[in-house]
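Below is one structure, written out as structure tokens; the observations come after it.
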Amino acid sequence: MSEVKKITDANIPVVRASRVATGTTVYDELTDDVINSIPSNSLPPHKARILLMLALTKTSDVAKIKRIFEEY
């Protein structure tokens, strides 16, 4: 996890997603607060990647990107 922390410390957004068949990637206090990652919620990795790319066309602020993921 320290490598991910280095990335997020460089102000590069990191989205956590899962490839399980069902379920969501929800906010995890221990992970998301420590490494400042963004949970993908109900989006699988390939859709989370598209949403992240779209979000990055509007902002690079991690807090705003988190709000976008919460909304969509």
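The values are calculated or read from the model by the stated rules, or taken from the named source; none is laboratory data. Quantities reported herein were computed from a predicted structural model and do not represent experimental measurements. Because the Cβ atoms are built from the backbone with ideal geometry, glycine has one as well, and the counts that use them run over all protein chains shown. The accessibility values were calculated without ligands, DNA or RNA, using every heavy atom of the protein model including side chains. Shrake-Rupley method; radii C 1.70, N 1.55, O 1.52, S 1.80 Å.
The fraction of accessible area contributed by carbon and sulfur in the chain is 57 percent, rounded to a whole number (1.4 Å probe; ligands and nucleic acids excluded).
Ignoring lysines fewer than eight residues from Lys47 along the same chain, the ones with Cα atoms less than 24 angstrom from its Cα are Lys5, Lys58, Lys64, Lys66. Solvent exposure of Ser42, expressed as accessible area, is near 80 Å², computed with a probe of 1.4 Å over the protein chains only. Solvent-accessible surface of the chain, taken per residue with a 1.4 Å probe and all protein chains present: 71 Å².
In this simple spin-label model, placing a label point 7 Å from the Cα along the Cα-to-Cβ direction at both Ser60 and Thr8 gives a separation of 1.9 nm. Among the listed values [x] 17, 16, 10; [y] 26, 16, 8; [z] 25, 13, 12, the one matching semi-axes √(5λ) of the Cα gyration tensor in Å as calculated from this structure is [x].
Taking the Cα centre of the chain as origin and assigning +1 to Lys and Arg Cβ atoms and -1 to Asp and Glu Cβ atoms, the resulting dipole is close to 340 debye. Counting Lys and Arg as +1 and Asp and Glu as -1 over every other residue whose Cβ lies under 14 Å from the Cβ of Ile35, the net charge comes to -2.
Using a Förster distance of 25 Å, how high is the FRET efficiency between Thr22 and Ile50, based on the Cβ-Cβ distance and rounded to 0.05? Let's see the in-between values first.
Details: r = 20 Å, r/R0 = 0.82.
Efficiency for this residue pair is about 0.75.
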